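Taking it in order: structure first as structure tokens, then the write-up.
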Amino acid sequence: MNAETRLKELGLELPSPPKPAGNYQPWILSDNLLYLSGQFPIQDGRLVYTGRIGAERTEAEGCAAARLAALNVLAQLRAALGGFERLKSLLLVEGHVASAPAWHHAPKVLDGASDLFVAALGERGRHTRTAFTPSQLPLDLTVELVVTAAVNV
């Protein structure tokens, strides 16, 4: 079953890939590696989740923000590769979660993204992951995902 069919079964549709917020590329393909610029919880050009987890936002909202950012990752993957057929595997997901000082549960929030990747891509969605908890992210957004993937040449 392909990724878009799986997403439809989950009641999800891939958005148009968000445009970069500055003077950089949304993705770079080099040999068999695809590097995606940071993806945020943005929908139709609107900043959906802003603020810090443990202050302005709850963990549940953080999971939803990570899931929305993951949808944008999938949209960028599709744009970069013309579909999902050439995707070999996600390799690394760097998860950045804007966090209040006493909040320390970024892995739980980032599971919102990781679970979606596996649900949509199957085994190709499994990945390594790091979690960072800065006090603020660009545009005051709640989550940022930076992804590296392996591609069949």
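Suppose we keep only residues that are farther than 13 Å from Ser99 by Cβ and open to solvent by 50 Å² or more (accessible area, probe 1.4 Å) within the range 44-60. Which one would you say is modelled with the highest pLDDT?
Here the answer is Ala60.
Considering the range 51-96 alone, what residues qualify as being closer than 17 Å to Pro20 by Cβ and small (Gly, Ala, Ser)?
Ala69, Ala75, Ala79, Ala80, listed by residue number.
I need a count of the residues in the range 18-43 that are over 29 Å from Pro101 (Cα atoms), modelled with pLDDT of 95 or more and in a loop (DSSP other than H, G, I, E, B).
Of the residues in that region, 6 qualify.
In the list Val118, Val151, Val143, which residue meets the criterion of being open to solvent by less than 60 Å² (accessible area, probe 1.4 Å) and closer than 18 Å to Val48 by Cα?
So the residue among Val118, Val151, Val143 that is open to solvent by less than 60 Å² (accessible area, probe 1.4 Å) and closer than 18 Å to Val48 by Cα is Val143.
Please work out which one of (1) surrounded by 23 or more Cβ atoms within 10 Å (Cβ to Cβ); (2) in contact with a helix residue (DSSP H, G or I) (Cβ under 8 Å, 6 or more places away or on another chain); (3) of a type outside the set (Gly, Ala, Ser); (4) not in a helix (DSSP H, G or I) is the condition Leu110 fails and give its number.
In the conditions (1) surrounded by 23 or more Cβ atoms within 10 Å (Cβ to Cβ); (2) in contact with a helix residue (DSSP H, G or I) (Cβ under 8 Å, 6 or more places away or on another chain); (3) of a type outside the set (Gly, Ala, Ser); (4) not in a helix (DSSP H, G or I), Leu110 misses (4) alone.
Based on what the data block shows, is Ala70 modelled with pLDDT of 95 or more, surrounded by 19 or more Cβ atoms within 10 Å (Cβ to Cβ), assigned to a helix (DSSP H, G or I) and in contact with a helix residue (DSSP H, G or I) (Cβ under 7 Å, 6 or more places away or on another chain)?
For Ala70, the condition - modelled with pLDDT of 95 or more, surrounded by 19 or more Cβ atoms within 10 Å (Cβ to Cβ), assigned to a helix (DSSP H, G or I) and in contact with a helix residue (DSSP H, G or I) (Cβ under 7 Å, 6 or more places away or on another chain) - is met.
Hey, Gly11 hits all of (1) touching a residue at least 24 places away in the same chain (Cβ under 8 Å); (2) on the phi > 0 side of the Ramachandran plot but one; which does it fall short on?
Only one criterion is unmet by Gly11, namely (1).
Which members of the range 85-107 meet the condition of being open to solvent by less than 10 Å² (accessible area, probe 1.4 Å) and closer than 12 Å to Val146 by Cα?
Residues satisfying the conditions are Leu90, Val93, Gly95, Val97.
The values are calculated or read from the model by the stated rules, or taken from the named source; none is laboratory data. Values in this document were obtained by computation on a predicted structure and should not be read as measured data. Every residue, glycine among them, receives a Cβ derived from its backbone with ideal geometry; neighbour counts consider all protein chains shown. The accessibility values were calculated without ligands, DNA or RNA, using every heavy atom of the protein model including side chains. Shrake-Rupley method; radii C 1.70, N 1.55, O 1.52, S 1.80 Å.
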